[in-house]
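> One structure is given below, represented as structure tokens, and several questions about it will come after.
The values are calculated or read from the model by the stated rules, or taken from the named source; none is laboratory data. Please read all numbers here as calculations on a predicted model, not as lab measurements. Every residue, glycine among them, receives a Cβ derived from its backbone with ideal geometry; neighbour counts consider all protein chains shown. Quick note on the areas: whole protein, heavy atoms, side chains included, nothing else; ligands and nucleic acids left out. Shrake-Rupley method; radii C 1.70, N 1.55, O 1.52, S 1.80 Å.
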Amino acid sequence: MKVLFVYYVPSGGVETLNRQRCRALRLAGIEGHCLYYGWGAGIQNSVDFPVYISRNDIEIKHILDSNQYDAIVVTTDHASFARFSMLGFKGKFVLEIQGYGPKEVARAQLTAAMPYINQYASALLNPNTPHIAALFQELYPHKPQFNFNNCFDTTYFTYNSYIHPEYPVIAWLGRIEDNKNWREFLHIGHQLSQHVPNLRMWMFEDNHLSVPAEREQFQQLIAELGLQDRLTVRANVSNGEMPYYFSVIGDSGGFLCSTSKVEGAPYAVLEAMSCRCPVLTTDSDGVSTSVYHNATGKFYTLGNIQHAVQEGLELMHNAALREQIRAGAMQHVQQAFNPHVYAANFANMIHSV
């Protein structure tokens with residue numbers, strides 16, 4: 001069986017997901033390929049399966065004809081169903097939602113998608129994101145729906161012991177845009193530094209996808225809070241380098257701080273957990289399958305900087321709780337996001353629709 005995964009650009013969590021699942025699905029005898037419409041920073045990550053980059057109909061038709069896919073899984077771009085159908089695809093269409101950002105955007109997009117989903121989609125898929133699953137049930141009760149965790153290969157992306165910094169590091173990963181809530185991270189770091197004077201802040205971003213106006217505000221806030229000497233911003237770090245960073249952040253006594261307003265199923269959180277880097281996060285909906293408070297990570301209330309500082313200090317200073325969370329998180333990722341389980345769930349979905 002062959003499956004084509006389609007997304008706009010190879011970047012962020014979707015690129016990570018596609019790279020991980022194309023390998024995992026081999027366990028179920030499924031060959032996965034990827035098609036992106038344009039270039040993205042994730043293209044630097046090494047893969048051992050076909051990846052196509054094109055928005056040209058003639059090129060896409062050649063890809064479809066030469067591979068004869070059994071199914072196409074489109075992430076977000078519901079309008080492409082009509083395009084692929086016009087280009088001669090006769091197999092199954094699956095619409096996958098990994099997150100739209102704000103919940104009102106998710107509702108608007110899934111409502112607008114009705115003509116396409118009703119005509120073309122064989123199934124709807126999401127990684128156990130509560131607000132997306134609820135919208136699926138409300139808007140498309142007649143469509144087969146599948147909700148199961150994404151996969152994560154903990155043998156490839158895992159903890160290693162390195163020489164780590166003498167100072168504690170708190171980290172953030174995302175795009176400089178409102179939903180990722182970079183402002184809150186800067187404020188948390190600024191206030192946390194009042195209690196931890198040698199604190200350092202590392203931010204990892206894809207600068208190809210930032211919003212220019214937000215970028216300007218980002219630089220302004222760094223200056224206002226006087227974070228220039230405390231903050232390091234790294235752009236477009238390859239996925240293969242991130243186990244090193246997450247491992248040293250965890251061993252430094254720091255943590256990953258996820259400040260997102262709404263998330264689908266954030267891979268950065270799983271990556272940190274797999275590398276024994278504790279996670280402090282907002283309850284951004286999609287993290288509910290990975291983070292359990294004081295067991296596999298910590299939650300703080302969105303917008304409440306003092307609460308974030310309080311939880312962050314406990315994570316840094318309560319050694320017993322910190323080690324319990326680090327061990328529990330690593331074990332949880334190994335079990336709940338197992339590639340074998342994902343492959344079985346995915347194969348069942350394709351065979352049943």
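> Could you rank 58, 63 by how accessible they are, 1.4 Å probe, largest area first?
Per-residue accessible area, sorted high to low, gives 58, 63.
> Ranked by accessible surface with a 1.4 Å probe, highest first, in what order do 301, 289 come?
So, going from the largest accessible area down, we get 301, 289.
> Also: Which loop GluC sites (Glu not before Pro) in segment 97-186, with loop taken from DSSP, have no more than 10 other Cβ atoms within 10 angstrom of their Cβ?
166
> Binning at 10 angstrom from zero up to the longest distance, how are the C-alpha pair distances of segment 48-98 distributed in percent?
Calculated P(r), rounded to whole percents: 23, 60, 17.
> Oh, and also: Quick one: ranking 86, 203 by accessible area, 1.4 Å probe, largest first, what do you get?
Sorted descending by solvent-accessible area, the residues read 86, 203.
> Further, regarding this structure: What length, rounded to one decimal in nm, is gained on full extension from residue 26 through to residue 77, with 0.36 nm per residue of separation minus their alpha-carbon distance?
Length gained, residue 26 through residue 77: 15.8 nm.
> Please report the spacing between the Cα centers of segment 229-278 and segment 19-84 in Å, no decimals.
So the two Cα centres are separated by 27 Å.
> Okay, next question. When the chain is modelled as a GNM with alpha-carbon springs shorter than 10 Å, which of 29, 40, 328 fluctuates the most?
Fluctuation is largest for 29.
> Plugging the Kirkwood radius over Cα pairs into Stokes-Einstein for segment 42-170, at a temperature of 10 °C and a viscosity of 1.306 mPa s, what D comes out in µm²/s?
Estimated via Stokes-Einstein, D reaches 91 µm²/s.
> Once the whole set of protein chains is in place, how much accessible area is left on residue 27, using a 1.4 Å probe, in Å² to the nearest 10?
Near enough 100 Å² of accessible area.
> Something else about it: Report residue 77's accessible area, 1.4 Å probe, all protein chains in place, as a number in Å² to the nearest 10.
My reading of the accessible area for residue 77 is about 30 Å².
> Roughly how much of residue 39 is accessible, in Å² to the nearest 10, using a 1.4 Å probe?
Spelled out: residue 39, probe radius 1.4 Å, area about 150 Å².
> Oh, and also: How much of the accessible area of the chain, probe 1.4 Å, is carbon plus sulfur, in whole percent?
Carbon plus sulfur share of accessible area: 50 percent.
> Sticking with this structure for a sec: Say each of residue 86 and residue 320 gets a label point 7 Å from the Cα, pointing the same way as Cα to Cβ; how far apart are those two points in nm?
Each label point is offset 7 Å from its Cα along the Cβ direction, giving 6.5 nm.
> For segment 110-258, compute the orientation-averaged projected area of the C-alpha convex hull (one quarter of its surface), in nm².
11.9 nm²
> Averaged per residue, what accessible surface does the chain expose to a 1.4 Å probe, in Å²?
It amounts to 40 Å² per residue over the chain.
> Restricting attention to segment 68-145, which trypsin sites (Lys or Arg not before Pro) occupy a DSSP loop and are surrounded by at most 13 other Cβ atoms within 10 Å?
Loop-located and lightly packed - 90.
> Share of Cα-Cα pairs in the chain beyond 39 Å, in percent?
15 percent
> Now a separate question. Can you pull out the chymotrypsin sites (Phe, Trp or Tyr not before Pro) in segment 126-161 whose DSSP state is coil and whose Cβ has at most 15 other Cβ atoms within 10 Å?
Within segment 126-161, the qualifying chymotrypsin sites (Phe, Trp or Tyr not before Pro) (loop, at most 15 other Cβ atoms within 10 Å) are 156.
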